[in-house]
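The values are calculated or read from the model by the stated rules, or taken from the named source; none is laboratory data. Keep in mind the model is a prediction, meaning the values are calculated, not measured. Don't worry about glycine lacking a Cβ; one is built from the backbone with ideal geometry, like all the others, and counts go over all protein chains shown.
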């Protein structure tokens, strides 16, 4: 086992949906599911371009004011990854003939998907097929595939058909509302251009009117013996190469595919753009593309890698997670990062609060440029968010709960529009990014406007009550098993930070604040609301209710809820779930993490113990937060168990929907558990602190962070932790378990880890324990 | 002006939608909108049969567990009221030629709609047309129309085309969600039978698979000179009569139409049923049908009429209201009474809680048999309600929020399924009916099961909290501008009555209770929950919050809500409305009425004063309740103003949607304001009490009630009130302003009305005062 690779040692057709997601390649701009080169069999063919979507009507049995009338759904764009092989006229298809060997490897350092197959055709021709697929991090419009075929026993006639297919037939969507509505044939042909050894197709989406082009070109060995034909139709282009090979003789084809799209540019413009991209890639060549890719990833891993000694499988899962988080965000460049990245069409390809709350904390410290670009995308949709606020009767801006392009696409407002916390989540990500990078230009040109407009929204949403407290009523917090509650603690505390952050930043950039007509009195009101923010507390139980009244509700009848009734939302009415004490995902406990500065240690322990037995983790956005707080309180074994659950969510398909795309926020959660959980990293208001502590069985944990331009390295062992900076950064003040320390270049400052006082035990709902950290769990089917 | 008739002195085509509803005829089984005989022009053609509906899919942008997948929509059945007239080959159409006179009269004692028209054709032929339309209360399958035409100046060739038309083309529905989705061509022809001087058509609905038949037959004067032809197609039958008339010579046609439907009976069965009905009606003859109709109504009015001296227009509106309430319920016979009766397709023809809470209190005391039948319909859908409860995870039965046949048809659960109070409303109607009638058989065979199954639902919905209080969380009360709140006072108090009523009745019928497996311990639990029912109270303000936390919410910004933004639900998002203190319709104030026994007089005054300025009356189910409580507290002028608003809601089209059907509950509200408001009638737990008091300008109010088989007559004057019984009933103990009295036959017992202490003033939201009682209001367009 190599923790830098994910290997599928043999093909499992029953897991095809899952492996298509796990083996997806993306640079944040282009996404290709791990479909087999020859296209079939497949579970869900998927080629995506970030923000290329189609509109679809959102119907309502009973309409309501402000309900969005149309939604945006990511579409499967022109598929450029198809290479079909015929051996003596028999199509290579793993379901026929005999499959002697089939291995797929996702390489986290090379950034490629490799496949190696030994197959005998039904007629007995044995061939070796190797393919390597790459979506370039460096040349963001480019996909490249190297395809090699070698007859093993006898001479063979070999035909390769390299294709571009638009409007592929897709499987019908299931009944699970979490799976994307599939749109049939969303593309209309605008141009077909068979072009030398390639084909270029231009299409346009019917309703969203986005223009996209895909072009393929080819390079191959041994020109003399190869017959090439090119064929092109509106929805299909193909380049067919035919040759005859001796046993052991290898034929190698390199396919280069360029993608481009625009909502504004002309057909010739988009066409030229992809032709240029393909030409440049051809000039770079296969080897060059591979070298660039490795260099890009070497740089990433130098900062981002987390090394943990004592659990090799977890080490692999950690790198797998970080690789996919990078893939989702690396080159999104002012487009949304969807909840499933570009690995599947789940959730219609929408982005939610996941990005800012789970992905950006990771990217901020490992790939800050990607974090900045994601926030610039939020800034770019501010006009739409202002329109939405106006429609809803609010001041400022209201960001959409789910969207691709920026318009609200949520069709169920109690768990959509009402989840106002997304505005504070975005602001929190802005504040974190600026603290971490000291990127003052971003703060002035983008961050300030986001903070100001969201602060204005909070002021118009909430109100001062008779006792002078600032209340925010009728909102839905992160936990979607409650809705429309008053004074959700998470929301109120995050809004408090939002309001203070806005008031702070307008002082720093008075000119920009003036452009937004922020008066001193307005900022003063933000501070007054923040200072008066109401945080309910249940004196009887000595815990914070998730929202006003929550702790008065009936506890869910866990004892009579059989395992097959999870996730609850598919088996019980919302009304029943909402009126009960049952929690889908960390909400108050997420406040303990992100607003840990607002709670005492004792409160944290009591709150965690109260909420732990109520939290069923029907969302993948829960276990990582529970792990972080479990670690803080000292439940190290529990944190470790949750970490395993987080790490294996997609690798073991724990939610049985990895097939529609990876759970990107949960993957980011692996890093969060390691760094914020066992590393104890907190970053409240720009102060970086650590409180590391290893769980049983681990001997060492090492991770890096980029902080105010310095490269910090943290090295945690059983009894001590070391902190140092790389390459000559200015000394950095930190805290280690509360104690002030200064990290410098050269020798690490090493401090002992204080002894842990064993906390009181906590438990989970009956039947909902975390995955144990036992490595014998489940079916470790990958290598 | 005659208060026994509603007269439209001249035709106003701009008010056609409204007058089609106002002039609708119904017996609760058949409903005909007041369309012109000749069919055109029309706003909405409408012929309805109670519970003949079609299914339509209910779509959701985001699906959820337990959401109904299909809804039921009332359909426009075969139109049998069409009679077209041609004068010298020119069709009679009020839009062409010259209309000299056009008067329509709805007669509340004769139970007919009369029309008298003098018209000159474009060619100058002047004719007098008189029609009289009747939907028989006595022969419930029968519609009869007498149509008379007389040339006035010259001889004329007259052709009458009497038609039966199925699948009439309907106008497209508007965007207002309150208007029915219109279903195109829902009927499939099964049989076409031209039959002597009539035609019979049998159809079947496509998805709901209901079979219906309509048959017309004709009687006319002067056989010799009349040429008759009969024509029939799958969706159209016609009988054409052609004759020549001298000036002043009248031609009279009587059209008899029989309707029948069944979900189970065979085609020959349904066919025979309508043929028999038409034959019987033919035997009765036009005059006989009119006589029966008058007798039926004389009996009704003898008990139900409310006479008030001092406001003739209100007297007329009162009789109009009572006539339509009777029409809606008289012969529904174990079918639902829809919110709009059978006067239009608004709300898809659904029935809601309106029936039990507003209509049945009126029918219980004026037409108890109709009240019983409506409750037997509820009993007949208990199996569906049990299924629904099971689906929702509750014990017992959960009645649908809106339905025709019994299945839940609500497509927005926060204001549908969550409005659990409907179960208590139904139980309250059961308890009231049994108290009023002492109908022990009904109590045993129908009432008990409803009470037991709803009590079981409450037990599983609510829970005992740590303080031992029984809480009901996460429900929506009558006020639809709040949703999913905890401990809605109205709901909790009505559930309390429901639980006690169930516990009481199982003692009376132990055998029946045994069949339902009610153990003593179970009934004990019902009592314990009822006794521990939590009723929140805001100590700071000294009022009852509508639900827990309500009084902490921000007040709606009434000052900045312009008149055109009402109703709010069409102009503001639910989220904003729900989180604010703004009330669509009486909720806590309805509790002050229906559970007045649970409040002190001082609490009532304080609560009313608190809620009055928050209540915008965007629902027609509000003003009547506000009037009742205003009268109780002593705001007589305000109560009078509200009464005018209630009385004119449809007559003056105050909600601008009378065109899609009359507001039946609001019409019942006229009686409620008079009897429960100014008469001060209350009927808590079977004790009948009065506290009458006349508003300014009235000199006398008289009304009757049927109570435990006796006919009670109440006669209220400025300073005293008299109570007596008709025809030899046993003496009856009552209360008059708290004082025990006994009403007997013969001479009335007369008691003085105590002096009124002027209560503190109350006010309404800015811009939302009630209609003043000033008779100069508006445009009194009818005579």
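A few notes on this one:
- In this structure, residue A:105 does not satisfy being away from every other protein chain (no Cβ under 14 Å) and within 30 Å of residue A:263 (Cα to Cα).
- Test: residue B:513 is surrounded by 19 or more Cβ atoms within 10 Å (Cβ to Cβ), in contact with a strand residue (DSSP E or B) (Cβ under 7 Å, 6 or more places away or on another chain) and either part of a helix (DSSP H, G or I) or within 14 Å of chain A (Cβ to nearest Cβ) (or both): no
- All of (1) surrounded by 21 or more Cβ atoms within 10 Å (Cβ to Cβ); (2) closer than 17 Å to residue A:26 by Cα hold for residue A:296 with one exception: (1).
- Residues of the stretch B:546-568 classified as closer than 20 Å to residue A:391 by Cβ and either outside any strand (DSSP E or B) or away from chain A (no Cβ under 11 Å) (or both), total: 10
- Qualifying residue in the stretch A:498-505 (condition: at pLDDT 95 or above, out of contact with any strand residue (DSSP E or B) (no Cβ under 9 Å at 6 or more places or on another chain), more than 14 Å from every other protein chain (Cβ to nearest Cβ) and assigned to a loop (DSSP other than H, G, I, E, B)): no
- Pair list, Cβ under 8 Å, 6 or more apart: the stretch A:188-204 residue on the phi > 0 side of the Ramachandran plot, other residue in a strand (DSSP E or B) and surrounded by 17 or more Cβ atoms within 10 Å (Cβ to Cβ): A:196/A:217
- Selection status of residue A:390, within 14 Å of chain B (Cβ to nearest Cβ), over 12 Å from the mean Cα position of the chain (by Cα) and either without any contact (Cβ under 8 Å) to a residue 60 or more places away in the chain or crowded, with 23+ Cβ neighbours inside 10 Å (or both): yes
- Residues in the stretch A:394-408 that are part of a loop (DSSP other than H, G, I, E, B) and either under 19 Å from the mean Cα position of the chain (by Cα) or without any contact (Cβ under 8 Å) to a residue 12 or more places away in the chain (or both): A:399, A:400, A:401, A:402, A:404, A:405, A:406.
- Whichever residue in the stretch B:177-195 is at pLDDT 90 or above and more than 15 Å from residue B:46 (Cβ to Cβ) and, among such residues, is farthest from the other protein chains (Cβ to nearest Cβ): B:194
- Residues that are more than 8 Å from chain B (Cβ to nearest Cβ) and in contact with a helix residue (DSSP H, G or I) (Cβ under 9 Å, 6 or more places away or on another chain) within the stretch A:69-85 comprise A:72, A:73, A:74, A:75, listed in sequence order.
- Screening residue B:364 against (1) under 18 Å from residue B:324 (Cα atoms); (2) not in a helix (DSSP H, G or I) leaves a single unmet condition, (2).
- Test for residue A:313: is it outside any strand (DSSP E or B), buried (at least 16 other Cβ atoms within 10 Å of the Cβ) and in contact (Cβ under 8 Å) with a residue 40 or more places away in the chain: yes
- Residue match in the stretch B:92-106 (condition: crowded, with 19+ Cβ neighbours inside 10 Å and over 21 Å from residue B:13 (Cα atoms)): no
- Enumeration of residues in the stretch A:534-545 that are touching a residue at least 24 places away in the same chain (Cβ under 8 Å) and within 14 Å of chain B (Cβ to nearest Cβ): A:534, A:536, A:541, A:542, A:543, A:545
- Qualifying residue in the stretch A:43-50 (condition: in a strand (DSSP E or B), without any contact (Cβ under 8 Å) to a residue 60 or more places away in the chain and away from every other protein chain (no Cβ under 14 Å)): yes
- For the stretch B:475-483, the criterion of a residue being outside any helix (DSSP H, G or I), over 16 Å from residue B:396 (Cβ atoms), over 27 Å from the mean Cα position of the chain (by Cα) and away from chain A (no Cβ under 14 Å) is satisfied by no position.
Table: residues versus (1) within 25 Å of residue A:315 (Cβ to Cβ); (2) surrounded by 13 or more Cβ atoms within 10 Å (Cβ to Cβ); (3) in contact with a strand residue (DSSP E or B) (Cβ under 9 Å, 6 or more places away or on another chain).
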| site | (1), (2), (3) |
| --- | --- |
| A:669 | yes, yes, no |
| A:681 | yes, yes, yes |
| A:690 | yes, yes, yes |
| A:699 | yes, no, yes |
| A:703 | yes, yes, yes |
| A:723 | yes, yes, yes |
| A:736 | yes, yes, yes |
| A:749 | no, yes, yes |
| A:761 | no, no, no |
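- Per this entry, residue A:531 is not counted among residues that are surrounded by fewer than 24 Cβ atoms within 10 Å (Cβ to Cβ), within 14 Å of chain B (Cβ to nearest Cβ) and without any contact (Cβ under 8 Å) to a residue 40 or more places away in the chain.
- Flag if residue B:646 is assigned to a helix (DSSP H, G or I), touching a strand residue (DSSP E or B) at 6+ places or on another chain (Cβ under 9 Å) and farther than 24 Å from residue B:547 by Cα: no
- Candidates B:38, B:62 - the one that is within 14 Å of chain A (Cβ to nearest Cβ) and assigned to a loop (DSSP other than H, G, I, E, B): B:62
- Counting only helices (runs of 4 or more DSSP H) that sit completely within the stretch A:569-640, those holding 1 or more residues that are more than 14 Å from chain B (Cβ to nearest Cβ), in contact with a helix residue (DSSP H, G or I) (Cβ under 6 Å, 6 or more places away or on another chain) and over 24 Å from residue A:422 (Cβ atoms) correspond to A:601-611, A:623-633.
- For the stretch A:409-467, residues that are in contact (Cβ under 8 Å) with a residue 60 or more places away in the chain, assigned to a loop (DSSP other than H, G, I, E, B), within 14 Å of chain B (Cβ to nearest Cβ) and in contact with a helix residue (DSSP H, G or I) (Cβ under 9 Å, 6 or more places away or on another chain) total 7.
- For residue B:501, the conditions (1) crowded, with 22+ Cβ neighbours inside 10 Å; (2) out of contact with any helix residue (DSSP H, G or I) (no Cβ under 7 Å at 6 or more places or on another chain) all hold with the exception of (2).
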